[in-house]
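Data block below; observations after.
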Amino acid sequence: MFLLVLLLVPVAAAAALWYHHRRLTGIKEWAGRMGWSYVGSDRSLASRWSRQPFGTGHARRVSEALTGPFQGRQAVSFTYRYTTGSGKNQTTVTHHVLAMRLPAFLPTLELTPDGLGARLAKVLGGQDIQFESEDFNQAWRVVAPDNRFAHDVVHPRLMERLLRADARGLSMRIEGTDILCWSPGATRLDVIGPRLQVMAAVVNAVPRFVWLDHGYDPGTS
């Protein structure tokens, strides 16, 4: 048995290296086809945002970072990992994060699925903002320090868009000069385009008067 373990360890290590090389090659090829750039690691991304999934744990690190244009806006995709606990109780948490630049700084607005975790948060006092659409309220949890800003941005047309199949279940947030989307697990190339499409729809739905209130005129871009 001991000899078998000695034989299996290098085989497993070689398989892991082969898988990593194949995955990295696929990511770089995807970037080339899309006109994006492969960055790899960018430590600044691990501390750029303060809210979930950031700002918790330790040994925070970024890998598989890609950057490029999407519908005239600069976007980035990366795998984000952090560690919780210590010693034998350590756990590594992994998320695939997408971010898209905004033309101006906006107040924070977070949209997450209204599932079991959201209902538990409400029980503990973390109330969300309610809208006139009950279907939307049942599908989404909306949290924002500025209630008026939330209602200005999440208007009936955007609510209808976020009830479509490609948007349901996503976690998104406007934070500063970015809009983010995150999900558990490492980078998935097949979801980058569709999720950026949803994020762009949110940005495009921001009314002109909201942009003007924050120093940007979309009519001059």
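Observations, loosely collected:
- For the chain, the relative contact order is 18 percent, taking Cα pairs closer than 8 Å that sit 6 or more residues apart in sequence and dividing their mean separation by the residue count.
- Where labels lie 7 Å past Cα in the beta-carbon direction, separation of A59 and R73 in nm: 3.4
- Taking 0.36 nm per residue of separation and subtracting the current Cα-Cα distance, fully stretching the chain between S37 and Q130 would add 29.5 nm.
- Sequentially through the range 93-99, phi angles give Karplus couplings (6.51, -1.76, 1.60; θ = phi - 60°) of 9, 10, 9, 9, 10, 10, 9 Hz, Gly and Pro residues having no value and appearing as x.
- Rounded to the nearest 20 debye, the dipole size of the range 24-101 about its Cα centre is 200 debye, using +1 on the Cβ of Lys and Arg and -1 on the Cβ of Asp and Glu.
- Percentage of interatomic Cα-Cα distances in the chain larger than 33 Å: 24
- Positive dipole terminus of the chain, leading residue within G219, I192, P145 (C-beta point charges): I192
- Heavy-atom accessible surface of H21, to the nearest 10 Å², is about 120 Å², with a 1.4 Å probe and all protein chains retained.
- For the range 86-116 and the range 183-221, distance of Cα centres in Å: 16
- Screening the chain for whole DSSP H helices with an alpha carbon extent of at least 20 angstrom along the helix axis and a mean Kyte-Doolittle hydropathy of at least 1.0 yields 189-205.
- Proximity of backbone amide H atoms, modeled 1.01 Å from N, is registered between S171 and W182 at under 5 Å, excluding neighbours fewer than 5 places apart on the same chain.
- Evaluated with a Cβ-only charge set (Lys, Arg +1; Asp, Glu -1), the chain carries a dipole of roughly 780 debye about its Cα centre, given to the nearest 20.
- Relative contact order, whole percent, for the range 127-180 stands at 25, derived from Cα pairs under 8 Å and 6 or more residues apart.
- Computed with a 1.4 Å probe over protein heavy atoms only, the accessible area of V202 comes to about 0 Å².
- The chain, helix-only ellipticity at 222 nm - DSSP H runs n ≥ 4, -39,500 (n - 2.57), divided by all residues, nearest 500: -12000 deg cm²/dmol
- The label point for F105 and the one for N147, both projected 7 Å from the Cα toward the Cβ, are 2.5 nm apart.
- Contour minus Cα-Cα distance for T94 and E160 (0.36 nm per residue): 20.7 nm
- When Y82, Y216 are compared by accessible surface with a 1.4 Å probe, the order from highest to lowest is Y216, Y82.
The values are calculated or read from the model by the stated rules, or taken from the named source; none is laboratory data. Keep in mind that what you see is a predicted model, and the values were worked out from it rather than measured. Virtual Cβ from ideal backbone geometry, glycine too; neighbours counted across all protein chains shown. Side chains are part of the model used for accessible areas, which takes the heavy atoms of the whole protein and leaves out ligands, DNA and RNA. Shrake-Rupley method; radii C 1.70, N 1.55, O 1.52, S 1.80 Å.
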